[in-house]
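Read the structure below first, then the notes.
No lab work stands behind these numbers, since they all come straight from the coordinates. Just so it is clear, the model here is predicted, and its values are computed rather than measured. As a convention, Cβ positions derive from the backbone with ideal geometry for all residues, glycine included, and neighbour counts pool all protein chains shown.
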Amino acid sequence: QVQLVESGGGLVQPGGSLRLSCAASGTLFSNSAVRWHRQPPGKQRELVASISSGGNTMYGDFVKGRFTISRDNAKNTAYLQMNSLKPEDTAVYYCSLFNGVAYVAWGQGTQVTVST
């Protein structure tokens, strides 16, 4: 059984930065893609970024070079570095593991609030 725990969320001013972490237990992490999703208030969950087991990355169009996803398989941890944050980035951010066919685990989420 895989468990994912996100951390690093919080309140930040517009233009600021946050680094989210996703720590995984179990043995599936290194062979799975890691995905970050977010769910803004009153909206549907959307894909933010993904990194394959081999390190290939993809991003949602709204990221536009502001976010960077990475992973450290030795630590069973993935990261989402978020720079130039905007109020519209306010959301609960979730990490997940994807095996190419289905999601195998979700974290509980971490709140990110961008506000003055």
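The table for this structure:
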item: Surrounding net charge for Gln81, when Lys and Arg each add one and Asp and Glu each subtract one, Cβ distance under 10 Å; result: +2
item: Orientation-averaged projected area, Cα convex hull of region 1-53 (nm²); result: 4.8 nm²
item: Per-residue HN-Hα couplings for region 48-63 [Karplus 6.51, -1.76, 1.60; θ = phi - 60°; Hz; x = Gly/Pro]; result: 9, 7, 9, 9, 6, 4, x, x, 6, 10, 8, 9, x, 4, 6, 6
item: Sparse-neighbourhood loop sites, chymotrypsin sites (Phe, Trp or Tyr not before Pro) in region 18-62 - DSSP loop, at most 13 other Cβ within 10 angstrom; result: Phe62
item: Segment Asp72-Val5, extension gain: residue separation times 0.36 nm, minus the distance between their alpha carbons; result: 22.6 nm
item: Student exercise, the chain dipole from Lys, Arg, Asp, Glu Cβ charges, in Debye to nearest 20; result: 60 debye
item: Mean projected area (nm²) of the alpha-carbon convex hull when the chain is viewed from all directions; result: 6.7 nm²
item: Under 5 Å, built H, 5+ apart or other chain: amide partners of Ser53; result: Ala33
item: Estimated vicinal HN-Hα couplings, Hz - region 90-99 in sequence order (Karplus 6.51, -1.76, 1.60; Gly, Pro = x); result: 4, 4, 8, 9, 10, 9, 8, 10, 10, 9
item: Positive minus negative residues near Ser21 (Lys, Arg vs Asp, Glu; Cβ under 13 Å); result: +1
item: Backbone N under 19 Å from the Gln13 label point (7 Å along Cα→Cβ), restricted to region 97-116; result: 112-116
item: Spin-label model distance (nm) - Leu47 vs Thr27, 7 Å beyond Cα toward Cβ; result: 2.8 nm
